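Nothing in this text is a laboratory measurement; each read-out follows from the coordinates by a stated rule. The structure displayed is predicted, hence computed values, not measured ones. Every residue, glycine among them, receives a Cβ derived from its backbone with ideal geometry; neighbour counts consider all protein chains shown.
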Amino acid sequence: MLTALALLLAVQAAPQLLCTTLSGVTLAEGDKMERTEGPDFDVYYVDGPAGQFGVYDGYYAQVSGGDAEKAFVIDGHQVNRMRIDGVFRGYLVTGENGAQNHFFGAVFKGDASDRAFFDRVHFGGCKRAA
């Protein structure tokens, strides 16, 4: 009986996972997620103790036509810092099949400090970041 209880507590304590077509994002304790469905895309909004962010999951992110600056590579996927008319608009990742994740929101500053956020992100399937 104690083993089953310990297992239940371990499962309850496990962090939540936001799953997209292209990535998995490990949510922090206290993060609350809301999903909005579009005709051919989903947008996930997360609000938590560290701030707010969103993830667009589809094939035609609005920032696709912006200026892309290579920021870093995670799990073999190029993460681009996006600007439109010189204004920072988040990060865009495009998979081999054309699927896109646009990461945006108040948690991002548009500089090298944003790299730490992506420690929560795993590309290449929905699983927890290592």
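Structure notes:
- Any chance Arg81 is basic (Lys, Arg), more than 15 Å from His122 (Cβ to Cβ) and in contact with an Asp or Glu (Cβ under 9 Å, 6 or more places away or on another chain): yes
Quick grid of which residues meet (1) out of contact with any strand residue (DSSP E or B) (no Cβ under 7 Å at 6 or more places or on another chain); (2) of a type in the set (S, T, N, Q):
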position	(1), (2)
Tyr45	no, no
Asp57	no, no
Val79	no, no
Gly86	yes, no
Arg89	no, no
Val93	no, no
Asn97	yes, yes
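- Subset of segment 43-60 that is more than 12 Å from Ala28 (Cβ to Cβ) and hydrophobic (A, V, I, L, M, F, W, C) - its residue that is farthest from the chain's Cα centre (by Cα): Val43
- Cross-chain or 6+ apart pairs with Cβ under 6 Å, segment 27-38 first and farther than 14 Å from Gly105 by Cβ, then part of a loop (DSSP other than H, G, I, E, B): Gly30/Pro49
- Note on segment 88-119: residues that are under 11 Å from the mean Cα position of the chain (by Cα), more than 17 Å from Gly58 (Cα to Cα) and crowded, with 17+ Cβ neighbours inside 10 Å amount to 2.
- Residues in segment 85-122 that are in a strand (DSSP E or B) and in contact with a helix residue (DSSP H, G or I) (Cβ under 9 Å, 6 or more places away or on another chain): Arg89, Gly90, Tyr91, Leu92, Thr94, Gln100, His102, Phe103, Phe104.
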